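*Asks:* Quick one: the structure is below, and I'll ask about it shortly.
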Amino acid sequence: MYKKIFREIKKYDTIVIARHVGVDPDAMASQIALRDSIKLTFPEKKVYAVGTGSAKFTFLGKLDKVEKFNNALLIITDTPDKKRVDSVDVSQFAYSIKIDHHPFIEEYCDLELIEDTASSACEVIMRLILNTKLECNREIAQVLFMGLVSDSNRFLFNSCTAETFALVSQFLSDYKFDVAPLYQQLYARPLNEVRLEGYISLNMVVTENSLGYIKITDEIINQFEVDSAAAGNMVNNFNFIKEVLVWATITEDVKNDQIRVCIRSRGPEINQIAEKYHGGGHKQASGVKLKSFDEAMQLMNDLDMFLKEYKQGLEEENNNDN
């Protein structure tokens with residue numbers, strides 16, 4: 001499959017690389033790194049990384065603005081379904097390729113590489129580079145490392161395997177970059193975001209079934225002078241609360257007229273419940289976009305009932321073992 005993708009890359013003079021709406025570091029890093037790798041390998045080609053950017057992730061690289069694509073190849077990273085592709089219409093391209101690590105939702109490209117056990121889209125791009133004649137350098141390797149680290153929550157998720165560590169080790173050995181400043185770029189935060197994290201810790205609701213959640217209204221967002229994306233992304237900061245198995249941030253996004261729910265789990269597989277509300281994602285990391293806090297609370301109720309059944313199942317297993 002890697003070589004098929006490389007052959008298609010060789011065919012086209014113009015290549016556009018897109019990813020999902022609501023950009024995160026892995027999505028942006030995967031498209032930036034792939035763009036720069038193709039340009040390094042084929043300097044004569046026109047290669048563009050497109051989509052709505054985020055000032056928070058400018059350290060990963062700059063996106064491109066291009067309006068017309070004639071007889072172009074489209075590569076979409078980190079995006080399992082067509083409706084979440086940012087800024088481009090798949091049908092307008094001569095050929096399309098999907099490179100993803102999410103569980104399969106739908107087929108919408110001519111060629112699809114899906115590695116749903118990979119830690120990140122950047123991990124898949126790393127393997128693509130190593131298994132083809134695509135070139136890499138220290139700057140590209142650093143971007144890939146940051147995307148992988150972000151999506152694996154610093155290698156804490158089960159999606160990090162021996163192969164993941166072997167890949168990172170190989171890139172560190174080959175390109176000899178220093179990880180400390182990269183972590184600084186990824187995780188340095190302004191004081192107001194740290195204070196919001198404190199507010200979340202103090203006000204998180206925790207149910208008897210081990211569900212934790214927090215409602216972050218537009219009023220709270222303005223009070224702490226942060227944006228809704230920053231508030232929602234804090235969901236990864238609450239991974240080690242003993243009393244919590246599943247947790248969620250419920251964030252009001254006035255600009256886009258929606259309620260963004262980010263859900264994480266330390267064991268139970270929550271993506272099917274997210275899919276019930278037209279969201280989705282990974283088994284232990286999913287998201288949903290809703291229209292109201294009432295819908296969000298119904299989702300929390302469903303998660304709570306799911307956790308009740310999950311814990312009862314564990315108790316029955318323990319009793320049978322005894």
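*Asks:* Condition first: in a loop (DSSP other than H, G, I, E, B), touching a helix residue (DSSP H, G or I) at 6+ places or on another chain (Cβ under 9 Å) and either surrounded by fewer than 16 Cβ atoms within 10 Å (Cβ to Cβ) or basic (Lys, Arg) (or both). Now tell me which residues in segment 25-52 satisfy that.
*Replies:* Answer for segment 25-52, where residues must be in a loop (DSSP other than H, G, I, E, B), touching a helix residue (DSSP H, G or I) at 6+ places or on another chain (Cβ under 9 Å) and either surrounded by fewer than 16 Cβ atoms within 10 Å (Cβ to Cβ) or basic (Lys, Arg) (or both): just LYS45.
*Asks:* Report, by residue number, each residue of segment 252-309 that is over 19 Å from the mean Cα position of the chain (by Cα) and either among the charged types (D, E, K, R) or at positive phi (or both).
*Replies:* Across segment 252-309, the qualifying residues are GLU252, LYS255, ASP257, LYS276, LYS291, ASP294, GLU295, ASP302, ASP304, LYS308, GLU309.
*Asks:* Still on this structure: Only residues in segment 11-25 that are assigned by TED's automatic domain parsing to the domain that holds LYS83 and aromatic (Phe, Trp, Tyr) count as the first member; pair them with residues that are surrounded by fewer than 23 Cβ atoms within 10 Å (Cβ to Cβ) and at pLDDT 95 or above, Cβ under 9 angstrom, at least 6 apart or cross-chain, and list the lot.
*Replies:* Close Cβ pairs satisfying both conditions: TYR12/LYS45; TYR12/ALA72; TYR12/ALA94; TYR12/TYR95.
*Asks:* Sticking with this one: Just one of (1) under 24 Å from PHE157 (Cβ atoms); (2) in a helix (DSSP H, G or I) trips up SER286, so point out which.
*Replies:* Going through (1) under 24 Å from PHE157 (Cβ atoms); (2) in a helix (DSSP H, G or I) one by one, SER286 breaks only (2).
*Asks:* Within segment 244-281, which residues are aromatic (Phe, Trp, Tyr) and either assigned to a loop (DSSP other than H, G, I, E, B) or farther than 15 Å from ASN301 by Cα (or both)?
*Replies:* Correct list: TYR277 only.
*Asks:* Taking ASP100, is it touching a Pro at 6+ places or on another chain (Cβ under 6 Å), modelled with pLDDT of 95 or more, under 13 Å from HIS20 (Cβ atoms) and in the same structural domain as ALA141 (by TED's automatic domain parsing)?
*Replies:* Numbers: touching a Pro at 6+ places or on another chain (Cβ under 6 Å): yes; modelled with pLDDT of 95 or more: yes; under 13 Å from HIS20 (Cβ atoms): yes; in the same structural domain as ALA141 (by TED's automatic domain parsing): yes.
Against the criterion (touching a Pro at 6+ places or on another chain (Cβ under 6 Å), modelled with pLDDT of 95 or more, under 13 Å from HIS20 (Cβ atoms) and in the same structural domain as ALA141 (by TED's automatic domain parsing)), ASP100 qualifies.
*Asks:* Since GLY212 meets every condition but one in (1) assigned to a helix (DSSP H, G or I); (2) in contact with an Asp or Glu (Cβ under 8 Å, 6 or more places away or on another chain), which condition does it not meet?
*Replies:* Answer for GLY212: the failing condition is (1).
The values are calculated or read from the model by the stated rules, or taken from the named source; none is laboratory data. Since the structure is predicted, the reported quantities are computational estimates derived from the model, not experimental observations. Reconstructed Cβ throughout: ideal geometry from the backbone, glycine too, with neighbour counts over all protein chains shown.
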